[in-house]
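Take a look at the structure below.
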Amino acid sequence: MTPNTPASDRNPVLLSAMHWKEVKDREFDLVVLPWGATEPHNLHLPFGTDIIESEVIAERSARYAADRGTRIAVLPTIPYGVNTGQMDLRLTISVNPSTQLSILRDIVESLSGQGIRRLVILNSHGGNDFRPAIRELKPRFPRMFLGLINWYQMLDQRRYFTARDDHAGEMETSILLAVAPSLVLPLNEAGEGTERPFRLKALRERWLWTPRAWSRATEDTGVGNPKNARAENGERFLADLTAAIGDAFVELAAADPEELYE
């Protein structure tokens with residue numbers, strides 16, 4: 001490596017790009033597990049939108065933390081999520097919550113046996129609910145911090161976008177325009193992302209919940225209008241998001257998992 005090699009390249013964060021030479025004698029403060037889904041995103045975004053977002057946000061956040069001294073590794077992204085309400089949509093791939101639990105348990109068991117004490121799931125898909133799994137695994141691995149970040153719930157979208165995004169709307173389209181523009185079809189080819197509301201009042205008000213049947217609830221698989229998406233807004237959103245997550249990684253890496261309370 002030359003003296004001009006960027007610090008982030010001298011201190012890689014993606015496990016998929018690391019070598020055993022770099023890993024065998026290196027201690028890690030924190031491991032990040034990005035988790036996405038494989039599903040349609042309106043007419044204009046790729047099936048891998050959640051995967052791409054997970055990878056980009058995890059890597060940028062981890063590099064932010066690594067540049068501040070955190071010894072961190074980002075695992076390869078899990079590409080399949082819980083999509084039981086979209087299984088009639090061609091080439092949507094769904095895994096059951098029990099399958100997710102099994103995968104997560106095996107990952108946690110692998111890391112725990114190697115002395116890793118902190119694992120954070122970076123989730124990009126609303127159908128993935130890891131809280132029950134973490135609650136189930138925590139008693140089995142009491143000395144290991146198991147955390148979850150649903151990044152799409154963190155920031156106030158109104159600061160960056162003109163309309164709220166539920167799925168494949170302005171926020172997600174702006175992010176993809178910023179990080180993978182070649183995969184985004186022209187916005188004049190996108191659907192409007194109109195959601196068909198429930199007939200029952202309690203379901204509309206969201207205090208009664210049931211999974212959405214996606215092909216009935218949407219016209220183009222999107223929920224949220226993408227027409228005003230802009231790459232510069234996506235980049236601004238990502239900058240603030242990954243800085244916030246990166247700061248959390250730095251703080252968590254320095255904390256004792258068994259001493260988290262005042």
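Below is a table of values for the structure above.
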{"quantity": "Unique match (being surrounded by fewer than 16 Cβ atoms within 10 Å (Cβ to Cβ) and at pLDDT below 95) among D247, D256, D240", "calculated": "D256"}
{"quantity": "Tally, over the stretch 67-119, of residues that are closer than 23 Å to T210 by Cα, of a type in the set (S, T, Y) and in contact with a strand residue (DSSP E or B) (Cβ under 8 Å, 6 or more places away or on another chain)", "calculated": "4"}
{"quantity": "Options L111, L177: the member that is touching a helix residue (DSSP H, G or I) at 6+ places or on another chain (Cβ under 7 Å) and at pLDDT 95 or above", "calculated": "L177"}
{"quantity": "In the stretch 46-89, the residues that are without any contact (Cβ under 8 Å) to a residue 24 or more places away in the chain and farther than 21 Å from D165 by Cβ", "calculated": "M87"}
{"quantity": "Subset of the stretch 147-181 [among the aromatic types (F, W, Y) and farther than 19 Å from G48 by Cβ]", "calculated": "Y160, F161"}
{"quantity": "Every pair of residues 6+ apart whose Cβ atoms lie under 9 Å, when the first sits in the stretch 136-153 and is under 19 Å from E251 (Cβ atoms) while the second is of a type in the set (A, V, I, L, M, F, W, C) and surrounded by fewer than 12 Cβ atoms within 10 Å (Cβ to Cβ)", "calculated": "F145/L260"}
{"quantity": "Looking only at the stretch 156-165, and only at residues there that are surrounded by 16 or more Cβ atoms within 10 Å (Cβ to Cβ) and at pLDDT 95 or above, the one that is nearest to G127 (Cα to Cα)", "calculated": "D165"}
{"quantity": "Conditions (1) closer than 30 Å to L187 by Cα; (2) surrounded by 22 or more Cβ atoms within 10 Å (Cβ to Cβ); (3) touching a strand residue (DSSP E or B) at 6+ places or on another chain (Cβ under 9 Å); (4) of a type outside the set (S, T, N, Q): number failed by V32", "calculated": "(1)"}
{"quantity": "Positions within the stretch 219-250 being among the polar types (S, T, N, Q), closer than 26 Å to D88 by Cα and touching an Asp or Glu at 6+ places or on another chain (Cβ under 6 Å), in sequence order", "calculated": "N225"}
{"quantity": "Selected residue (criterion: nearest to K227 (Cα to Cα)) from residues of the stretch 154-180 that are in contact with a His (Cβ under 9 Å, 6 or more places away or on another chain) and assigned to a helix (DSSP H, G or I)", "calculated": "T173"}
{"quantity": "1 or more residues touching a residue at least 12 places away in the same chain (Cβ under 8 Å): qualifying helices (runs of 4 or more DSSP H) within the stretch 197-262", "calculated": "214-217, 231-254"}
{"quantity": "Tally, over the stretch 181-196, of residues that are outside any loop (DSSP other than H, G, I, E, B) and either modelled with pLDDT under 95 or surrounded by 11 or more Cβ atoms within 10 Å (Cβ to Cβ) (or both)", "calculated": "3"}
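The values are calculated or read from the model by the stated rules, or taken from the named source; none is laboratory data. Keep in mind it's a predicted model, so treat the numbers as computed, not measured. So basically every Cβ, Gly included, is an ideal-geometry build from the backbone, and we count neighbours across all protein chains shown.
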